[in-house]
1. Relative to the present Cα-Cα distance, how much length would full extension add between residue 44 and residue 70 at 0.36 nm per residue of separation?
2. So, R0 is 41 Å and r is the distance between the beta-carbons of residue 22 and residue 62; what FRET efficiency does that work out to, to 0.05?
3. Given labels modelled 7 Å from the Cα in the Cβ direction, how far is it in nm from residue 94 to residue 80?
4. Please compute the net charge surrounding residue 82, taking Lys and Arg as +1 and Asp and Glu as -1 over other residues with Cβ under 15 Å from its Cβ.
5. Leaving out ligands, DNA and RNA, and with a 1.4 Å probe, what % of the accessible surface on the stretch 69-110 is carbon or sulfur?
Amino acid sequence: MQKGKPAGSSGTQQQSKPLLDADGMVISKPLHRFGMYNDSRLENTFRRRVDRLVDAPPNMFSRRVHVFTYAIMFVAGTYVAMYQDFGDREHCFSSLRRWYFRKLNSWWSLSTEEEKELRERGRL
């Protein structure tokens, strides 16, 4: 008789085949076999609740966080494209930056007509 083996057992162990449902999907072993609890009714309740959670749409908080994440990504990407220092060399955002800063300067500076009008009024 070998040490560590019960009498009458051979050296090979039988591997249990996984349980399959009608679609061929693997069904997990019942939890009571793992000593978690012994009541199969509790196991069915647990599985029903898990299945219900899997099929449920995301709640409103999750959706708000999702939208907020996209807003933060947009702001960060805009900052990198417009203000991040890439050095003096030409890069992929150079033409976009030139256009953006031209528009920004035209927004915050006076045109020649507006400047002339303000000089006539004596406010410039």
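1. Details: separation 26, 0.36 × 26 = 9.36 nm, distance 3.89 nm.
Extra length available between residue 44 and residue 70 comes to 5.5 nm.
2. Working: r = 33 Å, r/R0 = 0.80.
Here the calculated transfer efficiency is 0.80.
3. The answer from the label model is 2.0 nm.
4. Values: positive: 97, 98, 102, 103; negative: 85.
So the environment of residue 82 carries a net charge of +3.
5. Working: 2470 of 3790 Å².
After summing per-atom areas, the C and S share lands at 65 percent.
The values are calculated or read from the model by the stated rules, or taken from the named source; none is laboratory data. Given the structure is predicted, the values throughout are model-derived calculations rather than measurements. Note that each Cβ is placed from the backbone with ideal geometry, even for glycine, and that neighbours are counted across all protein chains shown. With ligands, DNA and RNA removed, areas are computed over all heavy atoms of the protein, side chains included. Shrake-Rupley method; radii C 1.70, N 1.55, O 1.52, S 1.80 Å.
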